[in-house]
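The values are calculated or read from the model by the stated rules, or taken from the named source; none is laboratory data. Since we're looking at a predicted model, the values are computed, not measured. Ideal geometry is used to build each Cβ from the backbone, glycine not excepted, and the neighbour counts take in all protein chains shown. Keep in mind that these areas ignore ligands, DNA and RNA; they rest on the heavy atoms of the full protein, side chains included. Shrake-Rupley method; radii C 1.70, N 1.55, O 1.52, S 1.80 Å.
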Amino acid sequence: MFQRGRAVVRSARLHKLALSTPRVVAIRSMATEAGSPAKAITSSDYYKKVYNPSTEKVSFSNLDTFARRHIGPTPENVKTMLSTLGYSDLDEFLSKAIPEHILFKRKLKVQPEQGFTESEMLDHLHEIANKNKIVKSYIGKGYAGTKLPPVIQRNLLESPEWYTSYTPYQPEISQGRLESLLNYQTMVTSLTGLDMANASLLDEGTAAGEAMSLSYHNLKGKRSKYVVDTNIHPQTLNVIKSRASNINIEIVELPLSTNEGVLQLEAISNDVCGAIVQYPGTDGSVHDYSRVGEILHSKKALFAMATDLLALTLLKSPAEFGADIALGTSQRFGVPFGYGGPHAAFFATSYKYSRKIPGRIVGVSKDRLGKQALRLALQTREQHIKREKATSNICTSQALLANIAAMYAVYHGPEGLKNIAKRVFGFTTILASQIASHHEIVNTKWFDTLTVKLNGVSADEILAVALHEHNINLFKVDESKVSITLDETVTEQDLDSLIQIFTHGRLDTSQIQELPNLPHEFLRTDPILTNEVFNTHHSETSMLRYLHLLQSKDLSLANSMIPLGSCTMKLNATVEMQTLSIPGFNSIHPFAPIDQAEGYKQLVDEFEKDLNDITGFDATTSMPNSGAQGEYTGLSLIRQYHKSRGDYEKRNICLIPVSAHGTNPASAAMCGLKVVPVKCLENGSIDLQDLTEKAEKHSENLCSIMITYPSTYGLFEPGVKTAIETVHKNGGLVYLDGANMNAQVGLTSPGDLGADVCHLNIHKTFALSHGGGGPGQAPVCVKEHLKPFLPSHHFVKTPHSTKESIESVNSAPYGSASVIPVSYSYIKMLGAQALPYVSTIAMLNANYMLTRLKNDYKIMFVDSHASTNEGLKHCAHEFILDLREFKAVGVEAIDVAKRLQDYGFHAPTMSFPVAGTLMIEPTESENLAELDRFVDALLSIRKEIEAYANNEPLGMVLKNAPHSLEDVVSTPQQDWDARSYTREQAAYPLPYLKTAKCWPTVARLDDTYGDMNLMCTCPSVEEVVETQS
């Protein structure tokens, strides 16, 4: 499936076409801009040409064009849908759907204008990837080389059944990845020794930031000092400082591995809310931190340890030192470097903090029939519920990468992991013994990392020898010290090369009878990974079947559309996703010298240039690795802007419409801002009068406003420009949430509307997969006046960074860099011509479905009789189905959501942004047949609602939904007869289901039971036996 290391035929013509514009064309473009701005073409006739350029005639051009593969509706489908809406042309539809002063249609400059074909894109990607130099990187700093087992690569990372699924909020059709994430949690709790873990966080740095925040809020903000060990990874320290500065936490750096540092901690302990150490340290050293834990606990402060999962297969667990929190990255469990990500962080703690732990938690519950089943537990902790009272804004995780790490542990098992760890330690110890005869080993104890004080040679000289003679990267600590981190990829030859670099000698294995073992003083004695799942699937046959079993339990885009409003579940094209397995992209250490990452530099520069064009902004950072991180970054930039003007303390008010997603107020709170809600009118629009009154009232203290556009209600609000002008007039800046950018591309933009900053969810608008709950990536785009504040990084000079830059917002300089090629490919294959049609067709699809449903369901806010400039005549790219009227007869939104599973569909977004509703977003990737299939399912359910209202037997099918295969097949006939509807009515309510159906694997879950009986790890052997008996 994936071509690795192949010779790529490079075309100079292709490269010039992509990245340069002929001089004559540039002059013509400038002349156009001097007059009236060039406009994007969005007519139906032009759509035919863009959709398939070879319709009229076949030319010399390649035929594998992308637009017709990505955009679902054909030109004939479009004509049919327009006719249903009462229009004859796409331009006519757009002119009625978007207010005139919002519809800019500024022509995009993305090159190539007509887009690469799929084969051209692959050639171009390989050309870029080959500019990156693959070097054996023993740099460390939280990133280690690893071997991703091919069975996991092929059947998980590269499988659309795994990477196109959504966050498992509908558990009945998500049992497979829920089980895998439970495995992940169990793995983490076993290795850390703590009670419970979440289902992953974004990276180690942000996980450390969450630990600090939990510690601070655990004592209700009464203590403002947080202690960080001086031996922590530098990038982690930067993220902690970034988080701390916004909520006035003072970071105190102490050498907690020394007696002096411990005494200093004890002296200030009355003012300390918590502390964090690195175990093993960034210099490789291993220490006993029990005394640190004792001091903190005596003052009710929390003790966190950033640690390494592979090391913990041998070393004593954090729990043995009294840690309250253990965190780190699971990257070295099978996930490549990827130039910094995506990687799944872990976060473990005790049950005492179960309602404070950030992120998602998979818990064990039971279904309607009493069968054990899994679900996301304690969801009332999450930011979309707690809003500005939340202590974390986490909205996504790294589910796909957590699943890889979990499967890595399942495949190797406890003994396999221990053997890998023993080999790493053994190689490190042999290397230390050889180096010690020529140089000084600074750390006297280690697991995989040595810090070396050089004798007679400088750090630069030793790095040069390593790179130029052995193709090896080491880490420069200072002018006279280097460090080396070994990993499972190190071979005997590599070890020999390292010995040559430091000693000019050679490895003599004849004198080594066996590899050295870890000293007993740090060796853990308790068993690890005792659950059955970690001791079963060690052959490839067994592993393959286990992976397939789990994926078969879940619904993904491989089964049907996933019409989740505000989530944009569009096609993740195979050409795009192939980039995750290209070595030139996934094998680069994030802190490798910049001349080894020239391909990434080109990629990031061009990607940011295209995003600036699409958003109407002037500069972009690719650092934030989730939407919530993008929000946090955008607000931090605004705060830094006010700080540069001497207004930081004063301007601390953030206006947020009540319709906003919960991450908005949570992010504002994390930035130390006071949230002031802005009302919305009955028609869903922002109440401009209320906004004006509050902006004027707080004009001396106004920092910002957060606006989602189109609105969270799916409307092109006509008053958005007035709102922006009002905030600017009163001294604030405007953050535009890019969650709904898929309705804007090529039609309007945040910059054109007048906003100052926005973030983009590339896992929505720009086709990165959702991965069952991550990875995400959220570039932040800004106007010129915010450019000087874009984030810097400790190890890498990031674009636009200055002395005024904010600190790093996550561990890696470009966030989850290895997913950038996915969205880069999406933009480049569509090109400037097709990109506006993505938003246009997404809107057409939504309005077509709305029109077919509006006679049977109430649609919120949309009014077909409204004028265009009221912004209510049509929805944007999503609409809200109002089910609240059915509550009077006993039917609720959850009944409809669960019944849709019986029809083979994932439910739309339930009860957001309005309780008792479903928000539907079809995206541009679904064709007319699929749209009709979903509408037909909802119309059929409408009849079932009517039956329930009339006390007809069929109506009870809603209350028992969804019906698992086991329920339909195995329920005794006497019990089934009591339901008064047939098995066929339950399982096959429409004919198409008899040939293609994704079955729920459990019946409706009991949410209350799961939260009241919290269990967040795999059942033990004893518990399994008890269940079976």
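So that you can scan it fast, the table gives a plain yes or no per residue for (1) more than 30 Å from ASN586 (Cα to Cα); (2) assigned to a loop (DSSP other than H, G, I, E, B); (3) open to solvent by 40 Å² or more (accessible area, probe 1.4 Å):
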site	(1), (2), (3)
SER54	yes, yes, no
ARG69	no, no, yes
THR84	yes, no, yes
ILE128	no, no, no
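Does LEU830 count as open to solvent by 10 Å² or more (accessible area, probe 1.4 Å), part of a helix (DSSP H, G or I) and of a type outside the set (S, T, N, Q)? Before you say what the answer is, go through the steps one by one.
On the way: open to solvent by 10 Å² or more (accessible area, probe 1.4 Å): no; part of a helix (DSSP H, G or I): yes; of a type outside the set (S, T, N, Q): yes.
Judged against the criteria, LEU830 is not a match.
What's the number of the only condition in (1) under 15 Å from ALA907 (Cα atoms); (2) in a helix (DSSP H, G or I) that GLY955 fails to meet?
GLY955 satisfies every listed condition except (1).
Taking the options ASN231, ASN238, name whichever one is surrounded by 19 or more Cβ atoms within 10 Å (Cβ to Cβ) and assigned to a loop (DSSP other than H, G, I, E, B). Step through it out loud before you land on a result.
On the way: ASN238 fails: assigned to a loop (DSSP other than H, G, I, E, B).
Of ASN231, ASN238, the one residue that is surrounded by 19 or more Cβ atoms within 10 Å (Cβ to Cβ) and assigned to a loop (DSSP other than H, G, I, E, B) is ASN231.
In segment 571-678, which strands (runs of 3 or more DSSP E) lie fully inside it and hold 1 or more residues that are in the same structural domain as SER808 (by the TED database), under 18 Å from PRO821 (Cβ atoms) and of a type outside the set (A, V, I, L, M)? Even if it seems obvious, please write down each step before you answer.
Details: elements: 619-621, 653-657, 674-678.
Those strands (runs of 3 or more DSSP E) span 619-621.
Per-residue answers, yes or no, for (1) in the same structural domain as ARG360 (by the TED database); (2) at pLDDT 95 or above; (3) part of a loop (DSSP other than H, G, I, E, B):
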position	(1), (2), (3)
ALA767	no, yes, yes
CYS781	no, yes, no
THR798	no, no, yes
SER818	no, yes, no
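Being β-branched (Val, Ile, Thr), in contact with a helix residue (DSSP H, G or I) (Cβ under 6 Å, 6 or more places away or on another chain), farther than 20 Å from ASP752 by Cα and not in a loop (DSSP other than H, G, I, E, B) is the requirement here; does THR80 meet it? Step through it out loud before you land on a result.
Working: β-branched (Val, Ile, Thr): yes; in contact with a helix residue (DSSP H, G or I) (Cβ under 6 Å, 6 or more places away or on another chain): no; farther than 20 Å from ASP752 by Cα: yes; not in a loop (DSSP other than H, G, I, E, B): yes.
Considered against the rule, which asks whether it is β-branched (Val, Ile, Thr), in contact with a helix residue (DSSP H, G or I) (Cβ under 6 Å, 6 or more places away or on another chain), farther than 20 Å from ASP752 by Cα and not in a loop (DSSP other than H, G, I, E, B), THR80 comes out as no.
Can you report the number of residues in segment 86-100 which are surrounded by fewer than 18 Cβ atoms within 10 Å (Cβ to Cβ), assigned to a loop (DSSP other than H, G, I, E, B) and within 36 Å of the chain's Cα centre (by Cα)?
1
Please enumerate the residues belonging to segment 499-532 that are closer than 19 Å to ILE420 by Cα and among the aliphatic types (A, V, I, L, M).
ILE512, LEU515, LEU518, LEU523, ILE528, LEU529
If you check LEU688, LEU655, LEU635, LEU603, which single one turns out to be buried (at least 24 other Cβ atoms within 10 Å of the Cβ), over 25 Å from the mean Cα position of the chain (by Cα) and either within 22 Å of LYS787 (Cα to Cα) or touching a residue at least 12 places away in the same chain (Cβ under 8 Å) (or both)?
Numbers: LEU688 fails: buried (at least 24 other Cβ atoms within 10 Å of the Cβ); LEU635 fails: over 25 Å from the mean Cα position of the chain (by Cα); LEU603 fails: over 25 Å from the mean Cα position of the chain (by Cα).
Result: LEU655 is the single residue among LEU688, LEU655, LEU635, LEU603 that is buried (at least 24 other Cβ atoms within 10 Å of the Cβ), over 25 Å from the mean Cα position of the chain (by Cα) and either within 22 Å of LYS787 (Cα to Cα) or touching a residue at least 12 places away in the same chain (Cβ under 8 Å) (or both).
State all residues of segment 651-688 that are among the polar types (S, T, N, Q) and more than 20 Å from ASN730 (Cα to Cα); if no residue qualifies, say none. It would help to see each step written out before you state the result.
Within segment 651-688, the subset among the polar types (S, T, N, Q) is 652, 659, 663-664, 667, 683, 685.
Passing the criteria: SER659, THR663, ASN664, SER667, ASN683, SER685.
Conditions: (1) more than 32 Å from the chain's Cα centre (by Cα); (2) more than 18 Å from GLY140 (Cα to Cα). ILE528 meets all but one. Number of the miss?
(1)
Quick one: would you say LEU369 is farther than 25 Å from LEU768 by Cα, at pLDDT 90 or above and outside any helix (DSSP H, G or I)? Before you say what the answer is, go through the steps one by one.
Details: farther than 25 Å from LEU768 by Cα: yes; at pLDDT 90 or above: yes; outside any helix (DSSP H, G or I): yes.
Yes; evaluated as a whole, the condition is true for this residue.
With respect to LEU557, determine if the residue is out of contact with any helix residue (DSSP H, G or I) (no Cβ under 6 Å at 6 or more places or on another chain) and surrounded by 21 or more Cβ atoms within 10 Å (Cβ to Cβ). Don't jump to the end; show me each part of the working.
Working: out of contact with any helix residue (DSSP H, G or I) (no Cβ under 6 Å at 6 or more places or on another chain): yes; surrounded by 21 or more Cβ atoms within 10 Å (Cβ to Cβ): yes.
In short, yes.
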